[in-house]
Amino acid sequence: FIAMTRNDHNRETTTLALFRDSRSEWPQSKTFICLGTARGGTSMIAGAMHAAGVNMGDNLTDTHEDPAFAGRGVPAMVQELERRNGLGLSHWGWKFPNAANYLERLRPHLRNPHLVLVTRDPVATAKGHMRWHGREELQSITDILVTTQRNFFLCLAWQVPALLVSYEKALAYPKNFIREFCAFADLNDPANIDEIALVEGH
């Protein structure tokens, strides 16, 4: 990981919010799911969400994945969802790039879901797949395009609050991203916003 800092520009936006005014029967409780593609920037954004005040789990890995969700089966995730729903947390969530593969089965157990969909230049993401997973060029780019389409369709089908995040813009303007995310999440800007540096994942 390489710490990256940039000068922010007040007018440069890093996100696009959809369905922000969708109603929920749990208006004071929000469950955030950070999803995208593998090597697509979700680690950086999940780390920023954590720094902004969202409980992203315990014993997080260096990629900000919660062991209670990453690599677990749906029954185990449902059990964990019910446990955390019972804790009365107002803002919590987890990160997993391929969450769209199982989210439909978790939907009945999610309180006021808010999707944070991270998008990244598909060429850079494909290079990451080739480098870190040993994949062929066509396999990499095909998987990325299919997963990205599936993620967007999920946001459109659910019509719950969704924040589409540009990895490149967030990396270039980290304070802008933190402010935009906090506005989306109904959180106050963190007092140490000038000290938060987003971290680029390889």
>> Run the numbers for Thr63 and Glu136: contour at 0.36 nm per residue of separation, minus the present Cα-Cα distance, in nm.
In response: 23.9 nm
> From the square roots a ≥ b ≥ c of the eigenvalues of the alpha-carbon gyration tensor of the range 44-101, which class results: rounded (a/c under 1.5), prolate (a/b over b/c), or oblate?
Replying inline: oblate
>> Suppose we take every Cα in the range 38-176 and form the convex hull; what volume per residue is that in Å³?
In response: 118 Å³
>> If the reach is capped at under 20 angstrom between alpha carbons, list the lysines near Lys169, excluding any in the same chain fewer than eight residues apart.
In response: Lys95, Lys127
>> Modelling each spin label as a point 7 Å along the Cα-to-Cβ direction, I'd like the Glu12/Asn101 distance in nm, to one decimal.
In response: 3.5 nm
>> At a 10 angstrom cut-off on C-beta neighbours, averaged per residue, how do the peptides 71-82, 157-168, 111-122 rank from highest to lowest?
In response: 111-122, 157-168, 71-82
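Throughout, read-outs are computed from the coordinates displayed, never taken from laboratory work. Quick caveat: nothing in here was measured; it's all calculated off a predicted structure. Reconstructed Cβ throughout: ideal geometry from the backbone, glycine too, with neighbour counts over all protein chains shown.
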